[in-house]
1. Looking at Ile163, Ile173, Ile214, which is the one that is outside any loop (DSSP other than H, G, I, E, B) and at pLDDT 95 or above?
2. Counting only residues that are among the β-branched types (Val, Ile, Thr) and touching a helix residue (DSSP H, G or I) at 6+ places or on another chain (Cβ under 8 Å), give me the strands (runs of 3 or more DSSP E) lying completely in the stretch 83-146 with at least 2 of them.
3. Out of everything in the stretch 16-55 that is within 17 Å of Ile216 (Cβ to Cβ) and of a type in the set (Val, Ile, Thr), what residue ends up being modelled with the lowest pLDDT?
4. Go through the stretch 165-185 and give me each residue that's surrounded by fewer than 14 Cβ atoms within 10 Å (Cβ to Cβ) and over 14 Å from Tyr107 (Cβ atoms).
5. So the check is Cβ under 7 Å with 6+ separation or different chains; which pairs have a first residue in the stretch 43-71 that's touching a residue at least 12 places away in the same chain (Cβ under 8 Å) and a second one that's assigned to a helix (DSSP H, G or I) and surrounded by fewer than 19 Cβ atoms within 10 Å (Cβ to Cβ)?
6. Just one of (1) surrounded by fewer than 22 Cβ atoms within 10 Å (Cβ to Cβ); (2) within 30 Å of Gly60 (Cβ to Cβ); (3) not acidic (Asp, Glu) trips up Pro140, so point out which.
7. Keeping to the stretch 164-192, report how many residues are farther than 15 Å from Ser210 by Cα and among the small types (Gly, Ala, Ser).
8. Restricting attention to the stretch 65-82, report how many residues are surrounded by fewer than 20 Cβ atoms within 10 Å (Cβ to Cβ) and either in a helix (DSSP H, G or I) or of a type in the set (A, V, I, L, M) (or both).
Amino acid sequence: MAKPKLVILAGGLGKRLRPFTLFLPKPMLPMGDRPVLSHVIDWAAKEGLTDIVIATAYLGKIIEDFFGGGADYGVKIRYARSKRPLSSGGQLKTVEDIVKGTFVLAYADIITDTRMDPVLRFHVEKKAKVTIIARRIQIPLRFGELRVDEHKKLVGWNEKPVIKSLINAGVFIMEPDVFKFIKEGEVVSMDVVIERMMEKGLPIYVYESSADFIDIADQESYERANEEFSKVLGNI
């Protein structure tokens, strides 16, 4: 199977990471001794995803100047530029003229060691229009959960329960059909785009992965991500 193009979304403002992102786009924040995005590209090269399109917006020239055409990473990089951030779905629309077949989509602030060949096979077998890679998490609550009946009588007390959930890991396999559900220049998030596809009955599948995923959302998660990265450095 020929390896598909990889689209990396790197156009967000990173507001929750200010002041770090006032002069540096979030994908360029350091993780270890290199920018976050360089680890994403290393993973792509390892998985044979060497034809890469990076969608940029906010401070995008910093990304383009740093990575150039990708020769230092053994990949080919092209860029799709928008004048303003368009959220994840709108940013994806900017690569429509470059991407014609099945493609992998990754967020620029997710570092992972997930293997793509099994996911690609799953995508083909299911005849999916979108396959969302997901990971299972457990979140302990700080508070006790009270359960009551219809009369408000206490029937149970679960102290500091653990919530288990399957969440979007920030990596997808997509067919070009997705572009039909995003208007030109529209500011729209990926979940809304996927909901639009589901409403039309298109097959959307979820592939549960046990791989490592390090995501950077805000200052707290960035600090935690640096700690996690130091632990799994040898596996990525």
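1. On the way: Ile163 fails: at pLDDT 95 or above; Ile214 fails: at pLDDT 95 or above.
The match here is Ile173.
2. On the way: elements: 103-107, 110-112, 130-140.
Output list reads 110-112, 130-140.
3. So, considering only residues that are within 17 Å of Ile216 (Cβ to Cβ) and of a type in the set (Val, Ile, Thr), the one modelled with the lowest pLDDT is Thr21.
4. Here is the first cut: in the stretch 165-185, the residues surrounded by fewer than 14 Cβ atoms within 10 Å (Cβ to Cβ) are 165-167, 176-177, 180, 183-185.
Ser165, Leu166, Pro176, Asp177, Lys180, Lys183, Glu184, Gly185, listed by residue number.
5. Going by the 7 Å Cβ cut-off, the qualifying pairs are Ala45/Tyr73; Thr56/Glu64.
6. That leaves (2) as the condition not met.
7. 2
8. The number of residues fulfilling the criteria is 6.
The values are calculated or read from the model by the stated rules, or taken from the named source; none is laboratory data. Computed from a predicted structure; not experimentally measured. Neighbour counts are summed over all protein chains in view; Cβ atoms, including those assigned to glycine, are modelled from backbone coordinates with ideal geometry.
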